[in-house]
Amino acid sequence: MKDVIRISTAGSVDDGKSTLIGRLLYETKSLKADQLQHIEEKSILSNKGYIDFSLVTDGLLTERRQGITIDVSYIYLQTEFGRYIIADSPGHVEYTRNMVTGSSTADAAIILLDAQKGVSEQTIRHIRIASLLGIPQLVFAINKMDLIDYNQDEFDRIRKDILDLHQPINGIFQERHFIPISALHGDNIVHESTNFSWYEGRVLIDIIEDLKTFHSPSDDAVLNVQYVLRPKDEWGTVHRGYAGKIACGRFTTGMNVTVSPGGMHSSVKRIEHLGEPVEIVNTDENVTLYLNDHIDISRGSVIVSNPHSLIPTTRINATICWMERACLEIGGKFWIQHGVTRILCIVSEVEGKMNLLTGEIQDVKRLEMNDLGRVQFQLGQQLLVRPFAENKSLGSFILINYLTNNTAGVGFVL
Amino acid sequence: MLTKKYLEEQAVYILREVAGQFQRPCLLFSGGKDSIVLLHLSKKAFWPGKIPFPLLHIDTGHNFPETIIHRDYLVKKYDVDLEIAYVQDSIDRGTAIEEKGKDASRNILQTTTLLETIERLKIDACVGGARRDEEKSRAKERVFSVRDIFGQWNEKLQRPEVFDFLNGLIRNKENVRVFPISNWTELDVWEYIRDQHIEIPSIYFAHKRKVYYKNGQWMPVSDLLHISKNEIKTKQVRFRTVGDLSCTAAVLSEANDIDSVIKEIKKSSFSERGARMDDKRSEGALEERKKVGYF
């Protein structure tokens, strides 16, 4: 048994990403008979002359009519060894926000390239976003090898182009894999292909089976309080249990803690996890903490191990992926949601936007939809943050439009 | 995190976000296995406290009697509040019109009753047991899916969901549909039911039932439909999903306990929603219904 692995996929329009996912599901026997029958019938109707596997994932009517993917789809792959949640994000230039959405929790990204085109501008954008998000494993699948006669020189050239491209942002190490495939013909997906006598690496599914999960290590334990439970005991006394998810680190009974905001100290009296009392709880577990002192704690409060290395701040400098049509400008007022804490903030400075092709920061005064840029914020209340490169959960946040309530952007603390 | 733990932790986190972010949430409860799993997860999420939201059953009147008895049993067992809204009341008020003909069902009418109930009880969040593996348009569903004041789902206005941030901020009369078991598969649900000893209605297990053959599937005989006597057969069947009695197909099965059901599902090659006639009406049938406020 292994951990759940989250994979995002990225590719340009027509690189054959949906076909690849359909093929993966088909060859790992993850498609049900009625789903297969459905795509077979549709393929015959559209006179393609082969089974169109992309029909498996192209979910929405509007997409099926246009033949493109317009939103992130989630697909489940179960193999003998593990569970894979694949977020299929569309490849259009204007859909950067979808790739960020589909990739934010990814342990790995499969970046698809068309062997005929090699590294495209879109490929460079995908690599840069994957680096920004700190996705630790990248699989470059060079597709449509059948259309270039399975030519090794071409494959090697594309591989070199990618390796030459750039240094990872944030200094996060990324493991990289390169594999030549043909999703249409099923070469190197699950079965080795005789068309690649020169390829000595593993087939795609073997690379996938070998992917791992990574955690930001943390000495600090942090719990974001989601909800306050007020259970009565057998004597009718009401207790206050702080329900929340452990953002990082571990809590044990008896441990000293500090509550933010306010900075009051206490210690852990009792811990419950999924209906049972326990002594120790770890990162990503959803627990209930009871403290030894009566402190004013409500949703949005943060319980932190004491001592800790976190610094309360009212200023944040971050990389922002902007996701809304209305621009982000100096003076803009937003809700900032960090963990489950939601406070007001104001944009104090737009430092510039990133040119996704060169990585340079261009001097602009506002961010438009699908831009990545550097922005400074003034917060209405203190937050406990860490740089994203060190701690993903304490280093990320979303911006919510104050008027429309829409999620307007995602931030990565610098 | 291993699959089962990952899925359970994620669901508990989402349920707690519901309690934390909304004023008047409810758990949409059909009496089917997915909603029972949600009830069980809610108990764990808020233990030892009481579940801080009621169950809401949109009752089509076309029920399997077994599921109603079981529903009332579970309400007591889990110490949870129950609200019932009847489709028949909407029909009597004239806000919903009964379908006619051989394929008539009350499935679509549930939407009207649900929207009326949301308005009447000022509900701001409805927790549901939909899963992304059920149907293609569900694969795109967010965990917090915002509906406008008409209850409409607009795939182009879906909020991006990054990391585990859930944005439940809405304006007056908008509401959010919440799907805590989005990432579960049918098999995950069954294995969880087995591992946690969750009690589900008896119709999920093989039993003798009067059925008739329609469009390649075995449909249950009930008082709701007039089926000629020579069409009616008695078969050993079970149901994979609990829907409207008039449009939920049975499968021939000998699986009379949870282990044999799981064995059967592992072998089976038909996806779960394949047994829902209402999704087969047209390509994209579920997506079209979601757009007008269907759950």
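The numbers here are math on the coordinates, done by the rules we state, and not lab data. Model, not experiment: these values are computed from the prediction. Positions of Cβ are generated from backbone atoms using ideal geometry, with glycine treated the same way; all protein chains shown enter the neighbour counts.
Can you give the local net charge around A:Glu192? Use residues other than it whose beta-carbon is closer than 13 angstrom to its beta-carbon, Lys and Arg +1, Asp and Glu -1.
-3
Average partner chain C-beta neighbours within 10 Å, per residue of B:12-21?
6
So how far, in whole Å, is the C-alpha centre of the stretch A:351-414 from the one of the stretch B:144-204?
Cα centroid to Cα centroid, the span is 28 Å.
Whole-Hz ³J(HN,Hα) for each residue in the stretch A:181-192, computed from phi via Karplus 6.51 cos²θ - 1.76 cosθ + 1.60 with θ = phi - 60°, x for glycine and proline: what do you get?
9, 9, 5, 4, 9, x, 6, 6, 8, 10, 10, 5
Counting each pair of different Cα atoms once, what's the Kirkwood radius of the stretch A:5-209 in Å, rounded to one decimal?
Taking the inverse mean of 1/r over all distinct Cα pairs, the stretch A:5-209 comes out at 17.1 Å.
Between the stretch B:3-81 and the stretch A:22-54, how far is it from one alpha carbon centroid to the other, in angstrom?
36 Å
Counting only helical runs of four or more DSSP H residues, what would the 222 nm mean residue ellipticity of chain B come to if each run contributes -39,500 (n - 2.57) and the total is spread over all its residues?
-9500 deg cm²/dmol
With a/c under 1.5 counting as rounded, go ahead and sort the stretch A:167-280 into rounded, prolate or oblate using the C-alpha gyration tensor (a ≥ b ≥ c being the square roots of the eigenvalues; past the cut-off, prolate if a/b is larger than b/c, else oblate).
Prolate is the answer for the stretch A:167-280, as a/c is 1.5 or above and a/b outweighs b/c.
DSSP loop (so not H, G, I, E, B), at most 14 other Cβ within 10 Å: list which trypsin sites (Lys or Arg not before Pro) in the stretch B:88-144 pass both filters.
Here the sparse-neighbourhood loop sites are B:Lys100, B:Lys102, B:Lys122.
Per 20 Å bin, what is the whole-percent P(r) computed from every C-alpha pair distance within the protein assembly as shown?
Taking all Cα pairs of the protein assembly as shown, the binned fractions are 17, 50, 30, 3 percent.
Determine, for each peptide in A:384-394, A:284-294, the mean count of other beta carbons within 10 angstrom over its residues, then list the peptides with the highest first.
A:384-394, A:284-294
Which percentage, to the nearest 5, of the DSSP beta bridges contained in chain B is antiparallel?
60 percent
Test of the criteria: in the stretch A:275-356, which trypsin sites (Lys or Arg not before Pro) are in a DSSP loop and have at most 12 other Cβ atoms within 10 angstrom of their Cβ?
Answer by residue number: A:Arg325.
Out of the DSSP beta bridges found with both residues in the protein assembly as shown, what percent are antiparallel (nearest 5)?
75 percent
Take every DSSP beta bridge whose two residues both sit in chain A, then give the antiparallel share in percent to the nearest 5.
Here the antiparallel bridges make up roughly 80 percent for chain A.
Report, ordered by chain and residue number, the lysines lying within cross-link reach of A:Lys48, taken as a straight Cα distance under 25 Å and ignoring same-chain residues fewer than 8 apart.
A:Lys17, A:Lys29, A:Lys32, A:Lys117, A:Lys144, B:Lys136, B:Lys280
On the principal axes of its Cα set, how long, how wide and how thick is chain B? Give whole Å, largest value first.
Result, largest extent first: 56, 47, 37 Å.
Based on DSSP loop calls and a cut-off of at most 13 other Cβ atoms within 10 Å, the longest stretch of chain B free of exposed GluC sites (Glu not before Pro) is what?
Segment B:100-198 is the longest.
Considering only the other residues whose Cβ falls under 13 Å of the Cβ of A:Asp156, what net charge follows from Lys and Arg at +1 and Asp and Glu at -1?
Combined, the nearby Lys, Arg, Asp and Glu give -2.
Sorted from largest down, what three extents in whole angstroms do the Cα atoms of the stretch A:311-413 have along their principal axes?
Principal extents (Cα only, largest first): 33, 32, 19 Å.
Where the convex hull is taken over the Cα atoms of the stretch A:339-380, what is its projected area averaged over directions, in nm²?
3.8 nm²
With 34 Å as the cut-off, how large is the P(r) tail for chain A, expressed as percent of Cα-Cα pairs?
Value for chain A (Cα pairs over 34 Å): 40 percent.
Could you list which residues have their amide H under 5 Å from that of A:Lys269, counting only those 5 or more apart in sequence or on another chain, with H placed in the peptide plane?
A:Gly254, A:Tyr290, A:Leu291, A:Asn292
Loop only by DSSP, 14 or fewer other Cβ within 10 Å of the Cβ. Give me the chymotrypsin sites (Phe, Trp or Tyr not before Pro) in the stretch B:165-229 that pass, ordered by residue number.
none
Please turn the phi angles of the stretch A:17-26 into ³J(HN,Hα) values with the Karplus equation 6.51 cos²θ - 1.76 cosθ + 1.60 (θ = phi - 60°), one per residue in order, whole Hz, x for glycine and proline.
Coupling constants for the stretch A:17-26: 5, 5, 4, 4, 5, x, 5, 4, 5, 5 Hz.
Note down the net charge around B:Arg209, summing +1 for each Lys or Arg and -1 for each Asp or Glu among other residues with Cβ under 13 Å from its Cβ.
Taking every other residue near B:Arg209 into account, the sum is +4.
Can you give me the long-range amide H partners of B:Tyr86? Hydrogens built in the peptide plane at 1.01 Å from N, cutoff under 5 Å, separation of 5 or more residues or another chain.
B:Asp59
Can you divide the C-alpha Rg of the stretch A:178-232 by 2.2 N^0.38 Å and report the result to two decimal places?
Here the Cα radius of gyration is 2.22 times the empirical estimate.
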